[in-house]
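Take a look at the structure below.
The values are calculated or read from the model by the stated rules, or taken from the named source; none is laboratory data. All values reported here derive from a predicted model rather than from experimental measurement. Virtual Cβ from ideal backbone geometry, glycine too; neighbours counted across all protein chains shown. Note: areas computed on protein heavy atoms with side chains; ligands, DNA, RNA excluded. Shrake-Rupley method; radii C 1.70, N 1.55, O 1.52, S 1.80 Å.
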Amino acid sequence: MRLNRIKLVLVEKEKSGKDLAKHLGKTETTVSRWSRNEIQPTLQMLYKISVFLKVDIRELLVSTAGQ
């Protein structure tokens, strides 16, 4: 189940998973698993990701509107 849009937003912002991992102090493997929706970051971590990518936190989530 796709819950986050981290991979897409990284591409849109021309950032790599490696950049994000380094900024957050996480492993590239963890960021990769988030990007593939294998695991989900906490809300606090989503906030930190949104700050790094300079986006509204809602842009990192898949919309449930109309489902």
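Miscellaneous remarks
- Computed on the chain, with alpha-carbon pairs under 8 angstrom and 6+ residues apart, the relative contact order is 42 percent.
- Positive minus negative residues near ASP56 (Lys, Arg vs Asp, Glu; Cβ under 15 Å): +3
- When the surface is traced with a 1.4 Å probe over the full set of protein chains, SER35 keeps roughly 20 Å² accessible.
- Amide H to amide H distances under 5 Å link ASN4 with VAL62, where only residues 5 or more positions off or on other chains count and H is placed in the peptide plane.
- When the surface is traced with a 1.4 Å probe over the full set of protein chains, LYS26 keeps roughly 80 Å² accessible.
- Aspartates and glutamates whose Cα lies under 17 Å from that of LYS18, excluding same-chain neighbours fewer than 8 positions away: GLU28
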